[in-house]
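Accompanying notes for the structure given below.
Values quoted throughout were computed directly from the atomic coordinates according to the rules given, and no laboratory measurement underlies them. Note that this is a predicted model, so its numbers are computed, not measured. Cβ placement follows ideal geometry from the backbone for every residue including glycine, while neighbour counts extend to all protein chains displayed.
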Amino acid sequence: MPDLRTLGAWAVQTARLMIGIPDYQVYLEHRQTFHPDEPIMTYEEFFRERQDARYAVARGRLRGCC
Amino acid sequence: MNALITGRNGVQTKLLWAGIAALGAVSFGIVALNRGETISAAWLVIAALCVYFIAFRFYALFIAEKVLGVDPGRQTPAYRHNDALDYVPTNRYVLFGHHFAAIAGAGPLVGPVLAAQMGYLPGTLWILTGVVFAGAVQDMTVLFLSTRRDGRSLGDMVRSEMGPVAGAIALIGVLLIMMILLAVLALVVVKALMGSPWGTFAVFCTIPIAIFMGVYARFIRVGRIAEMSAIGVVLLLASLIYGKTVSEDPQLAALFDFRGETLALIIIGYGFVASVLPVWLLLAPRDYLSTFLKIGTMALLAIGILFVQPDLKMPSVTRFIDGTGPVWSGSLFPFLFITIACGAVSGFHSLISSGTTPKMLENENQVRMIGYGAMLTESFVAIMALIGATVLEPGVYFVMNSPAGLIGTTAAQAAQVVTGWGFSITPDMISQVAQDVGEKTLLSRTGGAPTLAVGMASILSGMFGGRAMMGIWYHFAILFEALFILTTVDAGTRVARFMIQDMVGSVIPSFKRTESWSNNVIGSAIAVAAWGYFLYQGVIDPMGGINTLWPLFGISNQMLAGIALILCTVVLFKMKRERYAWVTIVPTVWLLVCTLTAGFEKVFSSTPAIGFVSHAWRFSDALSAGKILAPAKTVEEMQRVIVNDYVDATLAALFIAAVLAMAVYGMIGIGRALGTQRVTTAEVGDVDAVAEPGHA
């Protein structure tokens, strides 16, 4: 059974992913591990990039369901 | 890694499931066999939950293990293409929330409310049967197929599995659905806000609030979502409370008191402007607010129903199953199945299941929880909406949902007509309810949202605040529905614009450049004009518009579900799993039978209330005889009614043609798959797979 802190972290992650913002920490670790020589977006850049991406219909992101 | 097999064989487990089955059977018996007495909504909730548990534990597991053959050892696109942005292996509970938030919308809230005119039983039965055997199967299977194809979209998969023509038909189908969906949802908002300064004020306030939030999160405190949302919610509640003051001040109220036609034009203008603005300014912040509010309100409603346990006052079955109902025309088959679109099966979900979700799935074996499970949750939302509508006095329900053309425009007339139908109500009762929720009138507030709002207000005020809070709760419910419908209007207009640009762009290449501002303005104008036409037509329709547009929407949504399920069936045959293909064939056939029958009736029925063509003929005959038929007042209006009828008939005919064409392509695909011994579908990620070039 996950403890309260884990549950809380999940709740925050869920709320953020619901509006299309994945976990920044995961992104950071991913870039540091696999692409250490490439530039890494700051959280601010990451947020803006994800915000735009959520509604980029041309890239297959369909929003608006019924 | 999670194995699929969940606690098998234990005697305790068996007893537990036997207990759930027995409890479900008993509650179902109470729900179904009750005659004449009111029953508690709790029985409906228990019956539904038991059905969901059993379906999830047994049927969904069977589909995952046997039919689809999910392989927990197979790499998912989230790992294969991991970029920590689009493709991210995501905890299944977190992903469940993401997926549910993406599929949940206004559909399951409106359809069941409209279906309540036949009583609570027919709607309940279809919501439960539909979700278990059709809706959840579709969502899960499409999610599975897309996961095995690198998260490709439905349109892509139809093209590669069934050919380019089938792919093009599917895309045109999606565009047509978008048009009707936007028109009908905007109509729901118009119907909810007309003549309601309180609601209109609160909904208008969401625009500056969202813009403030947008600027805040983009520039002032970048990406501080929690802060921004908290500020947004507080401002939203403040405008909701201040709305009461606005509605009580005659001068202020006059500023926010609009007729339906004006509201329609405002929403059309809004849709145009919003869709050409940058997304961060209005669309994104509003989307955040509406998402959180939607999830929060649904949870609140669930708690309210469990806590208050209201009685269902609507009879289990009303006399309107014969097709003479005032809310929408047509008999139980096929129109009930068309009306309850999203809570039972929704074609739209196939677009979401092949969108962002498959790119974040950690393991194939989670398609059951996320695809099937999220759809069961959506179905539960539909059950709650049905409860919200049926806890009202049936008289109140019919007064609110019958068009003015049938019940007149005064409380006295309406009470007389509705009492004549066998649902006794007095003019005083009608005025009392309107007064309780802070509205001038509730007559003919069609579209589902106001009915659900009164239902929610009566449930939630039973928990907090009592009668004094009814007005706040009612307008809160209206605000919450309007907020996410307007988000859909904005987002949907962008989707329609893109599809129009894509299609026109194949003829005029320069039109394809979506970064061009003028292209976007022209594209948005075309998209808005298309749905705006149907919206305006619906607003001036004396039968209330919902009567005409909702069945068209239902047919189109079921049609898309049919297309998605045909794809699933074809792929099962190509995977050489035809032994289990009945799992998708049965719902496909049922959906095709429903959409085709409903489509044919909408076009050809000789009853003018149902058939568009016979309705047009009635008006042309009258016109040539020099008569003016109500609701039209002039010859021009008569002609407009006739044109609208033919446009609607053409649209219904297009839906029929698309469904038939897809069925033919489906058969061809199945025939080809049966003609060979090999697996003929191309999947990605199987370590043992031998590449088979040249096979689409």
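In terms of the Cα gyration tensor, with a ≥ b ≥ c the square roots of its eigenvalues, is the stretch B:493-553 rounded because a/c is under 1.5, prolate because a/b exceeds b/c, or oblate?
Since a/c reaches 1.5 and a/b is larger than b/c, the shape of the stretch B:493-553 is classed as prolate.
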So which trypsin sites (Lys or Arg not before Pro) in the stretch B:409-470 end up in coil per DSSP with only 11 or fewer other C-beta atoms within 10 Å?
-> none
Looking at the square roots a ≥ b ≥ c of the eigenvalues of the Cα gyration tensor of the stretch B:141-233, which shape do they give, rounded for a/c under 1.5, prolate if a/b is larger than b/c, or oblate?
-> oblate
Per the 1/(1 + (r/R0)^6) rule, R0 = 51 Å and r from the Cβ atoms of B:Val276 and B:Gln432, FRET efficiency to 0.05 is 0.65
Starting with the fewest neighbours, write out B:Arg368, B:Arg319 ranked by other beta-carbon atoms found within 10 Å of each beta-carbon.
-> B:Arg319, B:Arg368
What is the gain in length, in nm to one decimal, between B:Val664 and B:Tyr79 on full extension, counting 0.36 nm per residue of separation less the C-alpha to C-alpha distance?
-> 206.9 nm
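Equivalent ellipsoid semi-axes for the protein assembly as shown, as square roots of 5 times the alpha carbon gyration tensor eigenvalues: give them largest first, rounded to whole Å.
They are 38, 30, 29 Å, listed largest first.
Which ordering of B:Arg494, B:Arg224 is given by a fewest-first count of other beta-carbon atoms within 10 Å?
With the sparsest Cβ surroundings first, the list reads B:Arg224, B:Arg494.
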In what order do B:Cys50, B:Cys568 fall by count of nearby beta-carbon atoms within 10 Å, going from fewest to most?
-> B:Cys50, B:Cys568
Would you grab the residues whose amide H sits under 5 Å from the one on B:Asp311? Only those 5+ places off in sequence or on another chain, please, with H modelled 1.01 Å from N.
-> B:Ala41
Efficiency of FRET between B:Ala299 and B:Ala404 - r from beta-carbon atoms, R0 35 angstrom, step 0.05 = 0.45
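For chain B, what is the relative contact order in percent, using Cα pairs closer than 8 Å and at least 6 residues apart in sequence? Don't jump to the answer; show the numbers that get you there.
Numbers: 1119 pairs, mean separation 160.3, N = 696.
Averaging sequence separation for qualifying contacts and normalising by length gives 23 percent for chain B.
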Hey, which aspartates and glutamates would be in cross-link range of B:Lys627, C-alpha to C-alpha under 19 Å, not counting anything within fewer than 8 residues on its own chain?
-> B:Asp541, B:Glu636, B:Glu637, B:Asp645
Rg (one decimal) and Dmax (whole number) from the Cα set of the stretch B:386-532, in Å, equal 21.5, 63
Expected integer from the mean partner chain Cβ neighbour count at 10 Å over B:87-96 is 4
tail above 13 Å in the computed P(r) of chain A, as % of all Cα-Cα pairs, reads 72
So for the pair A:Arg5, B:Val635, with labels modelled 7 Å out along Cα→Cβ, what separation do we get in nm?
-> 8.2
List the aspartates and glutamates whose Cα lies under 14 Å from the Cα of B:Lys359, skipping any in the same chain that are fewer than 8 positions away.
-> B:Asp83, B:Asp86, B:Asp150
Label point distance in nm, A:Glu49-B:Leu23, each placed 7 Å from Cα along Cα→Cβ = 4.8
Stretchable slack from B:Ala625 to B:Ser606, in nm (0.36 nm times residue separation minus alpha-carbon distance) = 4.8 nm
In units of 2.2 N^0.38 Å, the Cα radius of gyration of chain B is 0.94
So for R0 = 41 Å, FRET eff. of B:Arg224-B:Arg467 from the Cβ-Cβ r, to 0.05, ends up at 0.55
Separation of the B:Ser516 and B:Ile172 label points, Cα + 7 Å toward Cβ, nm | 2.5
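Express in % the proportion of alpha carbon pairs of the stretch B:146-188 at distances exceeding 14 Å.
Tail of the P(r) past 14 Å holds 57 percent of the pairs.
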Restricting the stretch B:632-679 to trypsin sites (Lys or Arg not before Pro) in coil, as DSSP defines it, with at most 12 other Cβ within 10 Å | B:Lys633, B:Arg678
Run down the lysines and flag those whose C-alpha is under 30 Å from the C-alpha of B:Lys440, throwing out any fewer than 8 positions away in its chain.
-> B:Lys191, B:Lys244, B:Lys294, B:Lys313, B:Lys633
